[in-house]
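The values are calculated or read from the model by the stated rules, or taken from the named source; none is laboratory data. The model shown is predicted, which means the values in this text are computed figures rather than measured ones. FYI the Cβ positions are ideal-geometry reconstructions off the backbone, even for glycines, and counts take in every protein chain you see. Ligands, DNA and RNA are excluded from the accessible area calculation, which covers all protein heavy atoms including side chains. Shrake-Rupley method; radii C 1.70, N 1.55, O 1.52, S 1.80 Å.
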Amino acid sequence: MNVIDHIRESHDLTRDELELILTTDNKEAVEYLRSSARAVADGVYGNKIFMRGLIELSSYCKNDCLYCGLRRSNKEAVRYRLTEEEIYECCETGYGLGFRTFVMQGGEDGWFTDERMCRIVSTVRQKYPDCAITLSLGERSRESYQALYDAGANRYLLRHETADAEHYGKLHPADMSWQHRMDCLQALKEIGYQVGCGFMVGSPFQTIDTLYADLQFIRSFQPQMVGIGPFVSTHNTPFEGYPNGTVEMTLRLLALIRLLHPRVLLPATTALGTLHPQGRELGIRFGANVVMPNLSPKMHRKDYAIYDNKICTGEEAAECRACTEHRIRKTGYETVVDRGDFKE
Ligand code: SAH
């Protein structure tokens, strides 16, 4: 308990404290971790959980990340990309459902050039001046990030995946570099985006030490958002036979991130909901304060298959929103659909 109070007060932890918290089987200690993290989240954001509308733009990807179902070597993956019209329709539906943040995510698809992507962002910006636009399109040049920002994007999600360069090398092919990913995050921050980093919990070759590096990176980078979810072993990838990350470990890390960085916007992710029927609700109980229901057109949902057994692929946007809201209310929280900016 002392350890958790110490983390909560100092916003720091030692490597041994991390190990203790991730390995303990003392239920009371875990419950104390949970209630502390939730109290910190309540103190900053009250009982409000922010909803963001997720639009999955494209399942084409030029990268070959070893964990991801959309990697270019996966010849079985079904590829689609939304047309500009479809993207605008998703936003219109989402706006009607009350969403005030649109998250546009996709594989690194060369079709979405700066010219096209800037046109999309500025069209959405003009149509919905009261909405936040979040992009999650992987690594692009600084000039590209700047142009998209100037076109009206406000936030960018780019998980760092691991803060340990050697570990990064085991999760990615040789033509991808940890340094480049870090440089992208730095550039996004300098340009003025609200930035999100993050990592998978239980990815192959992850250790207490790499996780400790992740938490220290979050402490020093001070992102506005952190996305974490369990690694989900996925067919037709080199990590097909590796075990999934666990819900338990993800929850403990969510709570720790909340204690280390109290104001962070922290989603209860779909991957967490994939490994446990109440995964997202548990995430909220452990300090998460964001959920991202899917607004993508139903016909393409199942094809944005970054990992196996992804949930919510058979629903329309309205159903997804209603279901999410219902789940959150049952947990005792209230969903809000305003922009939900980071509290400076
Ligand atoms: N191409 C974009 C978006 C990637 S998808 C980018 O590079 O940022 C968003 C996140 O899904 C990734 O950052 C990764 O952490 C996660 N992800 C990919 N494959 C996964 C898997 N098998 N299990 C769990 N999460 C996965």
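Descriptive notes on the structure:
- The condition of being under 24 Å from Ala174 (Cα atoms) and touching a His at 6+ places or on another chain (Cβ under 6 Å) holds for only one of Cys65, Cys61, that being Cys65.
- The listed residue being open to solvent by less than 10 Å² (accessible area, probe 1.4 Å), in a helix (DSSP H, G or I) and either of a type in the set (A, V, I, L, M) or within 16 Å of the ligand (Cβ to nearest atom) (or both), out of Ala255, Ala288: Ala255
- Within segment 271-285, the set of residues being more than 16 Å from the ligand (Cβ to nearest atom) and assigned to a helix (DSSP H, G or I) comprises Glu281, Leu282, Ile284, Arg285.
- One residue alone among Ser220, Ser203 is more than 17 Å from Leu251 (Cα to Cα), out of contact with any Lys or Arg (no Cβ under 6 Å at 6 or more places or on another chain) and either at pLDDT below 95 or of a type in the set (Ser, Thr, Tyr) (or both), and that residue is Ser220.
- Restricting attention to segment 45-91 and to residues that are of a type in the set (Asp, Glu) and touching a residue at least 24 places away in the same chain (Cβ under 8 Å), the residue that is farthest from the ligand (Cβ to nearest atom) turns out to be Glu89.
- Applying a threshold of 7 Å to beta carbon distances and a minimum spacing of six or more residues, or different chains, the list of pairs starting in segment 144-155 at a residue that is farther than 15 Å from Arg116 by Cβ and open to solvent by less than 20 Å² (accessible area, probe 1.4 Å) and ending at one that is part of a helix (DSSP H, G or I) and of a type outside the set (S, T, N, Q) reads Tyr145/Ala187; Tyr145/Leu188; Tyr145/Ile191.
- Of all the residues in segment 307-331, those that are within 14 Å of Met292 (Cβ to Cβ), among the acidic types (Asp, Glu) and touching a Ser or Thr at 6+ places or on another chain (Cβ under 9 Å) number 1.
- Here Ser233, Ser141 are screened, and the one residue that is at pLDDT 95 or above, open to solvent by less than 50 Å² (accessible area, probe 1.4 Å) and out of contact with any Lys or Arg (no Cβ under 8 Å at 6 or more places or on another chain) is Ser233.
- Once segment 295-344 is narrowed to residues that are aliphatic (A, V, I, L, M) and not in a loop (DSSP other than H, G, I, E, B), the residue that is most open to solvent (accessible area, probe 1.4 Å) is Met299.
- Checking every residue in segment 39-57 against the condition of being more than 21 Å from Leu295 (Cβ to Cβ) and part of a loop (DSSP other than H, G, I, E, B) gives at least one match.
- Residues that are assigned to a helix (DSSP H, G or I), over 18 Å from Tyr149 (Cα atoms), open to solvent by 10 Å² or more (accessible area, probe 1.4 Å) and in contact (Cβ under 8 Å) with a residue 40 or more places away in the chain do occur in segment 93-115.
- The single condition among (1) open to solvent by less than 20 Å² (accessible area, probe 1.4 Å); (2) more than 23 Å from the chain's Cα centre (by Cα) that Tyr32 does not meet is (1).
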